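Colleague: For reference, the structure I am asking about is given below.
The values are calculated or read from the model by the stated rules, or taken from the named source; none is laboratory data. Computed from a prediction, not measured in an experiment: that's the story for all the values here. Please note: Cβ atoms are built from the backbone with ideal geometry, for glycine as well, and neighbour counts cover all protein chains shown.
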Amino acid sequence: MLVIKNWFLVEKVYVQLFAKYDLPVDIMGDFTHLFIRAGLLPIQNLPLLKDYLKPYNVVLNVYEGIRKDYFIILAGSIEDKDEILNYLSILNFEEIRFPEDFKGNASEVLQHIDSELATIKVEAKELYKDLINFAEDLMGYQRFFKYYKEIYSSLVFTKNLAIFKGWILEDKYEELVKGVRELIGEKFYIEYEDPHEEDNPPTYLSNPGILRRFELLTRKRGAPNYFEFDPTPIFTALFLVMYGIMFGDVGGGLILMSIGLLLYKLKKPLLGLSYRAINNLGFILSSAGFMAIIFGFLYGESFLLPMTPMWIKPIKNTIEISIIAIVFGLIQLVIGLILNIAVDIKNGEYFEAVLSWKGLAGLIYYIVGIYLAINFITGGMTLTVFIREDLLPFTLLEIILLTLVYLKPTIENIMHSEGKPLPITLVEGLQEFIEMFITYLTNSVSYIRLGAFAIAHGALGEAALVFAGLVGFLPSYILFNVIAIVIEGFAAGIQSIRLLYYEFSTKFYRNEGRLFKPLKL
């Protein structure tokens, strides 16, 4: 249809040339004694044609053409036709030929072409509608075949019998029975059983209210095992608190909250993401903005301008905010270790729960280590602090715990009769020993970034004040607020997720599960 339409458009351009000079469209042809041709000739080739035609008895009419071509009509003796036409082809002559039904007055032919184009346009619209309907039908079949492909591995069938096996939510069982009964009557049998660990059942994340929006944090970290607990609630709480600590600003929080609410209400895809994903991101952003508002009041910051703080001023209380950040991190890591012990016990891994560096031994080591570190700092930072009479029992306990972690692979090898050579188990123990020591130290220090970001935000406000003396109050604060909201606001989110994923969740989260994805048609 498109090719036909384009052909008519080209023919229309040629017919318009004939109409412009009041020429009949059927003037061309071969007759008894002469031939007539019409067409387009490049402007630069006209002198060559005239020179060539001098020996011949011809009539050459030249008109203004299109683009860089002349529109010419040439009449000559039928005896000279072949020679003249051969030379015309050498000069890139483009002959105009019309269908046999194009006859007489060019204006009437133009009306005929316009009528045909109008008909084609109507037919094209109808054809487009048919194509859309056909495409929708194909999409339906595509969903069907995709569905069939997914269930094929779980389907056993004969001519008269089909057997399905799969997972279903417990509260959907009655709905399944009802649906099958409505479909095929009573000719079916359904059997179900509770999942076992060796079955590797999928995990269905089901959180109430606003927590459902934060399941995105869990999904991006990986699905929890069916027999693990869903970390979404604790991920949500820690993410929001850490974001608020790092980006405490009433005005900036209001901006982020407003942007988040706009994205939450959006009903169309954006930046290659589905509108549902955008809605979830918008809700998370608006929640982070709300926490920024709360901590903005606590810090006394709004649009980088000072307010009366309800708690502390990070830029003026740098030591205090740094200590708060580290203590928050220590508590978070302790929670992670406790959760890991609970997961080990739930899975029947009692040996790991007690002697692992992420188990009870590691937890006690970490808590006692914090106590000794505090005394080391307050005691003048000398090693003799550790053998002080009141601290010596704790120092000895640390040594015992380090030894237990070091010997854990060896003890496990003996208890389970695994038959590993002693040097191998000792090397494995050394690896766990080093990993515990380095990980606890680096993870604890990592949380100081919470306080560092809070201090940096206050410093940005002071920089805006200094810059205001050079360019004016309004331009300065607009510029620095844009920097704070775009760069610092984004970085605070990234750092919150990083601390959540790498410092905290690595203590207990196995990431060994698979999400429950029900078949849909």
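Colleague: Please list, ordered by first then second residue, the pairs with beta carbon atoms under 9 Å, 6 or more apart or interchain, first in segment 497-516 and on the phi > 0 side of the Ramachandran plot, second buried (at least 21 other Cβ atoms within 10 Å of the Cβ).
Modeller: 511/224; 511/505
Colleague: Then there's this: Being farther than 22 Å from residue 243 by Cβ and assigned to a loop (DSSP other than H, G, I, E, B): is that true of residue 267 here?
Modeller: In short, yes.
Colleague: Being at pLDDT 80 or above, assigned by TED's automatic domain parsing to the domain that holds residue 35 and among the acidic types (Asp, Glu) is true for just one of 101, 51. Which residue is that?
Modeller: 51
Colleague: Restricting to segment 346-372, what's the tally of residues that are aromatic (Phe, Trp, Tyr), under 30 Å from residue 416 (Cα atoms), in a helix (DSSP H, G or I) and in contact (Cβ under 8 Å) with a residue 12 or more places away in the chain?
Modeller: Counting residues in segment 346-372 that are aromatic (Phe, Trp, Tyr), under 30 Å from residue 416 (Cα atoms), in a helix (DSSP H, G or I) and in contact (Cβ under 8 Å) with a residue 12 or more places away in the chain gives 3.
Colleague: Further, regarding this structure: Hey, could you check segment 40-50 for residues that are of a type in the set (A, V, I, L, M) and more than 16 Å from residue 86 (Cβ to Cβ) and say which is surrounded by the most Cβ atoms within 10 Å (Cβ to Cβ)?
Modeller: Out of the qualifying residues, it is 40.
Colleague: Would it be correct to say that residue 480 is part of a helix (DSSP H, G or I), more than 33 Å from the chain's Cα centre (by Cα) and surrounded by 16 or more Cβ atoms within 10 Å (Cβ to Cβ)?
Modeller: Answer is no for this residue.
Colleague: Name the single residue, out of those in segment 346-367 being under 37 Å from the mean Cα position of the chain (by Cα) and more than 22 Å from residue 430 (Cα to Cα), that is surrounded by the most Cβ atoms within 10 Å (Cβ to Cβ).
Modeller: Among them, the one singled out is 347.
Colleague: Can you tell me which of (1) small (Gly, Ala, Ser); (2) out of contact with any Leu (no Cβ under 6 Å at 6 or more places or on another chain); (3) surrounded by 14 or more Cβ atoms within 10 Å (Cβ to Cβ) is the one residue 29 doesn't meet?
Modeller: (3)
Colleague: So residue 423 fits all but one of (1) within 41 Å of the chain's Cα centre (by Cα); (2) more than 23 Å from residue 332 (Cβ to Cβ); what number is the exception?
Modeller: Unmet condition: (1).
Colleague: Looking at segment 402-420, I want the residues that are at positive phi and have a partner that is at pLDDT below 90 and outside any loop (DSSP other than H, G, I, E, B) with Cβ atoms under 9 Å, at least 6 apart or on another chain. Which pairs are those?
Modeller: What qualifies is 419/413.
Colleague: Ok, one more. Pairs needed: first member in segment 160-171, touching a residue at least 40 places away in the same chain (Cβ under 8 Å); second member anywhere, of a type in the set (Lys, Arg); C-beta distance under 7 Å; at least 6 residues apart or different chains.
Modeller: none
Colleague: Next question. Within segment 167-175, can one find any residue that is modelled with pLDDT under 85 and surrounded by 20 or more Cβ atoms within 10 Å (Cβ to Cβ)?
Modeller: Checked segment 167-175: no residue is modelled with pLDDT under 85 and surrounded by 20 or more Cβ atoms within 10 Å (Cβ to Cβ).
Colleague: Do we have any residue at all in segment 134-148 that's assigned by TED's automatic domain parsing to the domain that holds residue 14 and among the polar types (S, T, N, Q)?
Modeller: No, the conditions are met nowhere in segment 134-148.
Colleague: Among the numbered conditions (1) in contact (Cβ under 8 Å) with a residue 60 or more places away in the chain; (2) farther than 30 Å from residue 359 by Cβ; (3) of a type in the set (Val, Ile, Thr), tell me where residue 448 comes up short.
Modeller: Evaluating residue 448 over (1) in contact (Cβ under 8 Å) with a residue 60 or more places away in the chain; (2) farther than 30 Å from residue 359 by Cβ; (3) of a type in the set (Val, Ile, Thr) leaves (2) as the failure.
Colleague: Quick check on segment 176-233: of everything there that is outside any loop (DSSP other than H, G, I, E, B), among the hydrophobic types (A, V, I, L, M, F, W, C) and without any contact (Cβ under 8 Å) to a residue 24 or more places away in the chain, which residue is nearest to residue 496 (Cα to Cα)?
Modeller: 176
Colleague: Is there a residue in segment 224-232 that is within 19 Å of the chain's Cα centre (by Cα), at pLDDT 90 or above, in the same structural domain as residue 447 (by TED's automatic domain parsing) and crowded, with 16+ Cβ neighbours inside 10 Å?
Modeller: For segment 224-232, residues within 19 Å of the chain's Cα centre (by Cα), at pLDDT 90 or above, in the same structural domain as residue 447 (by TED's automatic domain parsing) and crowded, with 16+ Cβ neighbours inside 10 Å: absent.
Colleague: I would also like to ask the following. Out of segment 373-394, which residues are surrounded by fewer than 15 Cβ atoms within 10 Å (Cβ to Cβ), part of a helix (DSSP H, G or I) and over 48 Å from the mean Cα position of the chain (by Cα)?
Modeller: If the condition is that a residue be surrounded by fewer than 15 Cβ atoms within 10 Å (Cβ to Cβ), part of a helix (DSSP H, G or I) and over 48 Å from the mean Cα position of the chain (by Cα), then 378, 383, 384, 387, 392, 393 are the ones that fit.
Colleague: Quick one: in segment 297-322, which of the residues that are touching a residue at least 12 places away in the same chain (Cβ under 8 Å) and assigned to a helix (DSSP H, G or I) is farthest from residue 216 (Cα to Cα)?
Modeller: Only one residue tops the list, namely 318.
Colleague: Does residue 296 satisfy the condition of being touching a helix residue (DSSP H, G or I) at 6+ places or on another chain (Cβ under 9 Å) and at pLDDT 95 or above?
Modeller: yes
Colleague: A follow-up question, please. Of everything in segment 51-98, what is without any contact (Cβ under 8 Å) to a residue 40 or more places away in the chain, within 60 Å of the chain's Cα centre (by Cα) and surrounded by fewer than 15 Cβ atoms within 10 Å (Cβ to Cβ)? Give them in sequence order.
Modeller: Hits for segment 51-98 are 64, 67, 68, 89, 90.
Colleague: Additional query: Is it true that residue 294 is surrounded by fewer than 21 Cβ atoms within 10 Å (Cβ to Cβ) and either within 18 Å of residue 216 (Cα to Cα) or under 16 Å from the mean Cα position of the chain (by Cα) (or both)?
Modeller: So residue 294 fails the test.
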